[in-house]
Amino acid sequence: MNNDSDVMYRMLVQGVVDYAIYMLKPDGTVANWNAGAQRAKGYRAEEIVGQHFSVFYGASDRLAQTPDANLGIASKTGRFEDEGWRYRKDGSAFWAHVVIDAIRDENGKMIGFAKITRDVTERRENEQQLLRARDLAQAQSARMAEISSFLETIISNIPSCVIVEDAISREILLVNDKAEQLFGLHKSLIMHKRPHECMSPELSDYFNSLADIALRNEGIHTREQLLVTAAGERILQTRATTISGRDIRQNYVMLMVEDVTDQREADARIHHMAHHDNLTSLPNRMLFRQKLSEALRAENQLSATLCLDLDNFKNVNDVLGHQIGDELLRAVAKRLRGSLRDQDTLARIGGDEFAVVLPNMHDAQEAAAIAQRLIAAIQPPINVEGHSLSVGLSVGIALTSQATNTPEHMLRCADMALYEAKRNGRNRYEHFTPRMDDLARHRRAIENDLREALTRRQLKLYYQPITNDAGIIGYEALMRWHHPIKGVIMPNDFIPIAEETGIIHMLGAYALYEACREAQSWDTNQSVSVNLSPLQFKNSALVSVVEGALRESALDPHRLEVEITESVLLDDSLGNIDTLQRLKKLGVQIALDDFGTGYSSLSYLRSFPFDKIKIDKSFINDMSDSREALAIIRAITGMSRSLDIQITAEGVENSEQFARLREEGCTLFQGYLFGRPQPSELRLKALV
Ligand SMILES: [Mg+2]
């Protein structure tokens, strides 16, 4: 290098401010210093020249002898290049790009190093930021992929079909697995198609119209329809709603499709069960009421309500069992249904109770003709499992009128007419008349009074003597009602109502307790007779009530006699005979009352060993005029002698009757001739 170029070169180097360019002696001490070095590192030339260049390194590098190692590399290889932290005079760090070149003279002797240092902190920072941004982007992308796969799993597994369409193009953008199954199409054949391009016209019309509605109106729109799907005919319930994306151009229609077929079938079954009778599959009371309401709403139309009740059904059920009873009801239902018009509703509203609505009647006669047809249909015996069963049918008819025509009122009227039909001998029909309503009201009034009578002790027992040749052997207890307004009411006027309403059980128990208590104060050879209603036999507690009355009064059971009528043996014979036997086992005497008025079948006398038979007073009354009455009395006394049963003649009013009855073989007598029924305080104690 000549001198000029040497000078120029030095000036150039010293003037460069962006690079720190300086020389190191072979031992690493700074030989010169340029403006760039001063700017980069903060040292002035006079401060740094002569110092070892390791001052620019950090403590750990110095400790590791990195500066010497770097020089070593440069002297060995001719060049060392690196990036790393260097320190300024003020201690602040900067990221430096460093190049150290070994300088040799013409002879190859090492004369020092040229060192160029550039502050690249800013560049490095940019690089670092880019790296960080890249890492962040990668992390976010992984997160997005995770979310996306999560959402995909969820949507795939939603138990409803999900279809999402673009609001404008109507292209299908999303379908889940369930939808795939419903349409029997792979996703790939559905995606990015419009419904009519991938579904049947019926299905695509269904979805399109729902999507149209959803796009026109906000909210969720639901429609249920029977449609043909890959799984056959199914009832689909679809809810359509719109979804708005962030961009106003991003709008979607979401269709959520449920297959509700099974649910609707179950609903229908439940509905049918709720409205029909299990046994006969006929409408039940609830559906009947609906049909009746409909018939009543039809204006200018006469309709009839019929209440039907089987006669003698209970006997079949009790004797042959429920299974046969149920079969009988099914057969009856079939016959009844077969006798009606299509528009009529036949319902089973209770055990053996049926009801009919007859809409569109011309007149009462037409309803009566149908009632007659129903009765006739039941008349022929019904064969059930080898049993030929005869049941009758009673029918009450109520017609719509100007008066209140509510279902309840119609049913009540028809029921009152039914009650009348049964009272008038069964196997017949009756039309409702307002008089029945009056009677029913009257019965209800008596019922209320009767309940009060029990609590207010208005019911009293009267005692009528029963005699034999020697004198009074006992008394029949007869109930009288001392009504505060109506005065004394006789049993015939209130016992039937007590029987209908169930009050009879309380009345009967009261009579038993009261009579036993009273009899306990009498002569020990005198008994008390208490009448039992057939209805009392329907209560399983009857025997224990009798036991209770005996226990509480401490009356000798032989001094209590119960009087029953033939009807006890007529209804539910087996159960009632069992009850009678249990009573007899207690020691109680059993008398058959009012004999001759009912069926008077001899078989009754064989079915149970009665202690007494009481001949009904109507025969005693008629005996002087009627040869027939006398013949019956004679037959009864003859029969009782052979069976060794005592006979009581009731209603003996004069001495001729008394003399005649003695001749005929009667041993016991009761009637006005011997004494009227009297309250206990006036009781006749001996015959004069
Ligand atoms: Mg009696």
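One way to sum up the overall shape of the stretch 276-432 is the equivalent ellipsoid from its Cα gyration tensor, whose semi-axes run 26, 16, 13 Å, largest first.
One-quarter of the Cα convex hull surface for the stretch 449-531, in nm²? Could the numbers behind the result be given before it?
Working: hull surface 23.4 nm².
Spelled out: convex hull of the Cα atoms, projected over all directions, averaged, 5.9 nm².
Other residues lying with their Cβ under 11 Å from the Cβ of Leu439 contribute a combined charge of +2, Lys and Arg counting +1, Asp and Glu -1. Relative to the longest principal axis of the Cα atoms of the chain, the long axis of helix 407-423 makes an angle of roughly 30 degrees. Protection proxy ranking for 453-459, 269-275, 22-28, 34-40, using the average of other Cβ atoms within 10 Å per residue and placing the highest first: 34-40, 22-28, 453-459, 269-275.
Computed over the alpha-carbon atoms, the stretch 426-467 gives an Rg to Rh ratio of 1.26, Rh here being the Kirkwood radius from the mean inverse distance.
Assuming 0.36 nm per residue, please report the length gained on full extension of the stretch Leu320 to Leu682 beyond their Cα-Cα distance.
Details: separation 362, 0.36 × 362 = 130.32 nm, distance 5.09 nm.
Going from the current span to full extension adds 125.2 nm.
Scoring 531-539, 292-300 by mean Cβ neighbours within 10 Å over their residues and listing the highest first yields 531-539, 292-300. Over the residues of the chain, the helix contribution to mean residue ellipticity at 222 nm works out to -14000 deg cm²/dmol, using -39500 (n - 2.57) for each DSSP H run of at least 4. Each of Arg44 and Val120 was given a label point 7 Å from its Cα along the Cα-to-Cβ line. The distance between the two points is 3.2 nm. Once both labels are positioned 7 Å from their Cα atoms along Cα-to-Cβ, the gap between Glu127 and Lys89 label points is 2.9 nm.
Please give me, ordered by residue number, the trypsin sites (Lys or Arg not before Pro) of the stretch 318-405 that lie in loop per DSSP and have at most 10 other Cβ atoms within 10 Å. Working shown, then result.
Details: sites: Arg330, Lys334, Arg335, Arg337, Arg341, Arg348, Arg373; in loops: Arg341.
The qualifying sites are Arg341.
To test your reading of the geometry: what angle, between 0 and 90 degrees and rounded to tens, separates the Cα axis of helix 434-455 from the longest principal axis of the chain? Here the helix axis deviates by roughly 90 degrees. In a DSSP loop and with at most 12 other Cβ atoms within 10 Å, the GluC sites (Glu not before Pro) in the stretch 178-226 are Glu218.
Here the mean projected area of the convex hull built on the C-alpha positions of the stretch 447-682 is 12.8 nm².
Kirkwood analysis of the Cα pair distances in the stretch 3-119 returns a hydrodynamic radius of 14.4 Å.
Cα centroids of the stretch 32-58 and the stretch 386-446: 128 Å apart. Relative to the longest principal axis of the Cα atoms of the chain, helix 504-519 runs at roughly 50 degrees.
The local environment of Ala331, defined by Cβ-Cβ distances under 15 Å, has a net charge of 0 under the rule Lys, Arg +1 and Asp, Glu -1. Using only Cα positions of the stretch 59-100, each an equal point scatterer, no hydration layer, compute I(q)/I(0) via Debye at q = 0.13, 0.29, 0.33 Å⁻¹ and quote the log10 values to two decimals. For the stretch 59-100, the Cα-only Debye profile gives -0.30, -1.07, -1.12. Per the Debye formula on identical point scatterers at the alpha carbon atoms of the chain, with no solvent, log10 I(q)/I(0) at q = 0.06, 0.08, 0.11 Å⁻¹ is -0.65, -0.88, -1.14. Count Lys and Arg as plus one, Asp and Glu as minus one, and take only other residues whose Cβ is under 13 Å from that of Tyr252; the net charge is then -1.
Once you have the alpha carbon radius of gyration of the stretch 1-60, what is it after dividing by 2.2 N^0.38 Å, with N set to its residue count?
On the way: Rg = 12.4 Å, N = 60, 2.2 N^0.38 = 10.4 Å.
Dividing the Cα Rg of the stretch 1-60 by 2.2 N^0.38 Å gives 1.19.
Highest mean first, how do 236-243, 55-62, 625-632 rank when packing is the count of other Cβ atoms within 10 Å averaged over residues? List each step's numbers first, then the result.
Numbers: 236-243: 18.4, 55-62: 15.9, 625-632: 13.6.
Top of the packing list down: 236-243, 55-62, 625-632.
Projecting the alpha carbon convex hull of the stretch 91-208 along each direction and taking the average yields 16.6 nm².
No lab work stands behind these numbers, since they all come straight from the coordinates. Model, not experiment: these values are computed from the prediction. Don't worry about glycine lacking a Cβ; one is built from the backbone with ideal geometry, like all the others, and counts go over all protein chains shown.
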